[in-house]
1. Before we move on, is residue 76 under 24 Å from residue 224 (Cβ atoms), modelled with pLDDT of 95 or more and in contact with a helix residue (DSSP H, G or I) (Cβ under 9 Å, 6 or more places away or on another chain)?
2. With (1) at pLDDT 85 or above; (2) in a loop (DSSP other than H, G, I, E, B); (3) over 18 Å from residue 156 (Cβ atoms); (4) touching a helix residue (DSSP H, G or I) at 6+ places or on another chain (Cβ under 6 Å) as the list, and residue 247 as the residue in question, which single condition is left unmet?
3. If residue 137 satisfies all but one of (1) surrounded by fewer than 20 Cβ atoms within 10 Å (Cβ to Cβ); (2) within 20 Å of the chain's Cα centre (by Cα); (3) closer than 19 Å to residue 249 by Cα, what's the number of the condition it fails?
4. In the list 258, 170, 231, which residue meets the criterion of being in contact with a helix residue (DSSP H, G or I) (Cβ under 9 Å, 6 or more places away or on another chain) and either modelled with pLDDT under 90 or not in a helix (DSSP H, G or I) (or both)?
5. Do we find that residue 79 is under 26 Å from residue 199 (Cα atoms), in a helix (DSSP H, G or I) and within 17 Å of the chain's Cα centre (by Cα) in this structure?
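The values are calculated or read from the model by the stated rules, or taken from the named source; none is laboratory data. The shown structure was predicted, so the numbers you read here are calculated from the model rather than taken from an experiment. Virtual Cβ from ideal backbone geometry, glycine too; neighbours counted across all protein chains shown.
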């Protein structure tokens, strides 16, 4: 019985009939998906619960509760300095590849990012009194940076944006999640700021500017058919899991075992030789 049919449902029925009629008579307009590919990628990652798994690491839980031991935080930040230095080298590597392929727009942007990441790394190295090239790289970080280098070398400069997306997207995601679900040292939720020594970490990582810049490039390159979505999903998923492993190593948690390569990576890595694509201030 449909005697009480609402106006909303009635209008929906009319629209459905009109759509059906348009299909029958051939006048139907194609349905265009206006959602940017970067949104699809991030939604896929959320569905897989990979970003959420970072929130469950002891490192991030310690940040949220203010209970993270300062030694764990310091060693993580020193490893992060090494990651930023590698990131600068990888941006430069991508710029060189782009120059060889006459992709001047990508080349110039990658050079700018290389400079910027090196500035970040240098500033932090001075803060923690360590030498950029004197940091011993841990197993989890080495696996991460080797994979990023491999992706840039194997698939071209366009995929450097895919490789770094996990990093530039995950950190503001975590910071904003912590801001929403603030927890004090007794695990009691409060509608106020995190009242602990790591409040600065949350505040410093709230900005999504870097993520939005990267998303703009990813969307444009995808629209130009320079990036394959299925491949991008695989790469970002791997990089995000490697990022989570990076958090885990800070508190000696067992990392997720990942199968990242189909071929003999050790042989492919020898061909990359990032050493000649490094710079200093």
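1. Values: under 24 Å from residue 224 (Cβ atoms): no; modelled with pLDDT of 95 or more: yes; in contact with a helix residue (DSSP H, G or I) (Cβ under 9 Å, 6 or more places away or on another chain): yes.
Judged against the criteria, residue 76 is not a match.
2. Of (1) at pLDDT 85 or above; (2) in a loop (DSSP other than H, G, I, E, B); (3) over 18 Å from residue 156 (Cβ atoms); (4) touching a helix residue (DSSP H, G or I) at 6+ places or on another chain (Cβ under 6 Å), only one is false for residue 247: (2).
3. Result: residue 137 passes all but (2).
4. Within the list 258, 170, 231, the selection yields 258.
5. Values: under 26 Å from residue 199 (Cα atoms): yes; in a helix (DSSP H, G or I): yes; within 17 Å of the chain's Cα centre (by Cα): no.
No.
Okay, residues lined up against (1) surrounded by fewer than 20 Cβ atoms within 10 Å (Cβ to Cβ); (2) free of Cβ contacts under 8 Å to residues at least 60 places away in the same chain; (3) outside any helix (DSSP H, G or I):
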site	(1), (2), (3)
102	yes, yes, yes
112	yes, yes, no
120	yes, yes, no
141	no, no, no
144	no, no, no
152	no, no, no
